[in-house]
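A short worksheet on the structure shown next.
The values are calculated or read from the model by the stated rules, or taken from the named source; none is laboratory data. Keep in mind the model is a prediction, meaning the values are calculated, not measured. Positions of Cβ are generated from backbone atoms using ideal geometry, with glycine treated the same way; all protein chains shown enter the neighbour counts.
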């Protein structure tokens, strides 16, 4: 499912025009992006949480040429699935 | 650095502030949005959100593990995992 399909299912569920469901979806996603860009965490009960992990610079290798390279320090977002969703996903898979 | 935590409540407040629905509606809208995402994942359907990232349901194979307390060998059943891969744009924004 892509963003416009998500917007469409949301529009049907909450009985709002597509345009408004799109504004809601974009507001939620932009708020999440802004939070992560500031280095904040996101914690959504029942769904999951996002944390930013900070990596120091390290010496890596180009896997193709084997050449050593210096990897710059970076931050990466990690998603940890919430307990409820994790359990539900597994119940579903067993069917 | 002071780390804030974004939750359902703050998301509802932002929608209330920017789009003007009532506070109660905003809480329900955030819940509905998350519920739609969940239902898609429960259907084993990945969700691809441009500029944000992709949520995927992955099958984990059964494997042999050990109970760390007793040392007993056990088989870990196949299970499903939800993984998230951030988009290039999100990774760039986080490192700006």
* **Matching residues, the stretch B:47-72, being facing another protein chain (nearest Cβ under 7 Å) and farther than 20 Å from residue A:30 by Cα** => B:57
* Out of curiosity, is residue A:53 facing chain B (nearest Cβ under 9 Å) and part of a strand (DSSP E or B)? -> no
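Scan the stretch B:86-96 for residues that are touching a strand residue (DSSP E or B) at 6+ places or on another chain (Cβ under 8 Å) and surrounded by 14 or more Cβ atoms within 10 Å (Cβ to Cβ) and report the count. Steps first, please.
First pass over the stretch B:86-96, keeping only residues touching a strand residue (DSSP E or B) at 6+ places or on another chain (Cβ under 8 Å): B:86-87, B:90-91, B:94-95.
Narrowing further to those that are surrounded by 14 or more Cβ atoms within 10 Å (Cβ to Cβ): B:86-87, B:90-91, B:94.
Final tally of qualifying residues: 5.
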* To do: Check the stretch B:3-14 and report whether any residue there is at the interface with chain A (Cβ under 9 Å from one of its Cβ atoms), exposed (fewer than 14 other Cβ atoms within 10 Å of the Cβ) and out of contact with any helix residue (DSSP H, G or I) (no Cβ under 9 Å at 6 or more places or on another chain).
  => yes
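Condition check: over 14 Å from the mean Cα position of the chain (by Cα) and assigned to a strand (DSSP E or B). Does residue A:60 satisfy that?
yes
Listed here are the residues, each with its yes/no results for (1) within 19 Å of residue B:53 (Cβ to Cβ); (2) modelled with pLDDT under 95; (3) under 15 Å from the mean Cα position of the chain (by Cα).
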| position | (1), (2), (3) |
| --- | --- |
| A:2 | yes, no, yes |
| A:6 | yes, no, yes |
| A:10 | yes, no, no |
| A:20 | no, no, no |
| A:26 | yes, no, yes |
| A:30 | yes, no, yes |
* Asked: Is there a residue being in a strand (DSSP E or B), within 7 Å of chain B (Cβ to nearest Cβ) and closer than 26 Å to residue B:96 by Cβ anywhere in the stretch A:78-87?
  -> yes
* Asked: Quick one: how many residues across the stretch B:42-82 are in contact (Cβ under 8 Å) with a residue 24 or more places away in the chain, in a strand (DSSP E or B) and loosely packed, with under 13 Cβ neighbours inside 10 Å?
  -> 1
* Looking at this structure, is residue A:70 more than 30 Å from residue B:76 (Cβ to Cβ) and either part of a helix (DSSP H, G or I) or in contact with a helix residue (DSSP H, G or I) (Cβ under 7 Å, 6 or more places away or on another chain) (or both)? -> no
